[in-house]
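The values are calculated or read from the model by the stated rules, or taken from the named source; none is laboratory data. Because the structure is a prediction, the values reported are computed rather than measured. Cβ atoms come from the backbone with ideal geometry, glycine included; neighbour counts cover every protein chain shown.
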Amino acid sequence: MEGMGLQYRRSERERLGKIIDAVSNLDYRELFSYWITQETRKAEIYYSLAQLSGEVTWDERVSKYLTALYNESIDRAQILLRAFKEQFPQEKPLQLELPSLEVELSQERLREMLYRGSFKEVLEYLTEIEKLSMEVYRYLEEKATDESVRKLFSQLSKMGEEHLRTLEDLQSTLLDEGQKESGV
């Protein structure tokens, strides 16, 4: 956790550690179910940020990028749900009593960053969320017993890489423009 790009408060690190411990003990079907929920919640984060970006008068490109990321996360959740139904045809995804890894870290932190106008921190945070998603997809890919499911998780990991590039491009574009405007 220390290697993550953002410095988390002690309480956040402790909460994250507990969630990671719990998630690491899930079996394949439970983790699959859990991650369907995670993608949905991540989409909610992107949607909220897109809405808030207009309120805090960010560059309109930010809202467009965040809306695109929201739509892609919804697509990933739907892809995961279809794959779950194919792999477990007689079952519904499990409703686990585990907090969301991403939302647990994001709620209070993102609100602070948004209203402080710290867009760089918001982008760094979103980048960390995507990196975490990619790690989970790679893990699920390794654990999958069905080749089509393995390919699915590989595809989802690649989609995460695209999200990462989008976020990095946005950060680079906006920060470069900010430096030009400030004469740096």
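Scanning the range 91-109 for residues that are among the aliphatic types (A, V, I, L, M) and either surrounded by fewer than 18 Cβ atoms within 10 Å (Cβ to Cβ) or modelled with pLDDT of 70 or more (or both) yields Leu94, Leu96, Leu98, Val103. Among the residues of the range 116-128, is there at least one that is under 18 Å from Ala77 (Cα atoms) and either modelled with pLDDT of 80 or more or touching a Leu at 6+ places or on another chain (Cβ under 6 Å) (or both)? Taking every residue of the range 116-128 in turn, at least one turns out to be under 18 Å from Ala77 (Cα atoms) and either modelled with pLDDT of 80 or more or touching a Leu at 6+ places or on another chain (Cβ under 6 Å) (or both). Checking each residue in the range 25-35 for being modelled with pLDDT of 85 or more and surrounded by fewer than 19 Cβ atoms within 10 Å (Cβ to Cβ) picks out Arg29, Glu30.
Could you say whether any residue in the range 135-148 is modelled with pLDDT of 80 or more and touching an Asp or Glu at 6+ places or on another chain (Cβ under 9 Å)? No, because not a single residue in the range 135-148 is modelled with pLDDT of 80 or more and touching an Asp or Glu at 6+ places or on another chain (Cβ under 9 Å). Name the pairs whose Cβ atoms lie under 7 Å apart, with the first residue in the range 29-42 and farther than 18 Å from Glu86 by Cβ, the second charged (D, E, K, R) and part of a helix (DSSP H, G or I), and 6 or more positions between them or separate chains? As it stands, the answer is Gln38/Glu102; Arg41/Glu102; Lys42/Glu102, since those pairs meet every condition given. Here is the figure for the range 53-88: residues that are crowded, with 18+ Cβ neighbours inside 10 Å and within 23 Å of Leu174 (Cβ to Cβ) total 9.
Do we find a residue being modelled with pLDDT of 90 or more and either closer than 22 Å to Lys143 by Cβ or assigned to a helix (DSSP H, G or I) (or both) anywhere in the range 61-73? Yes.
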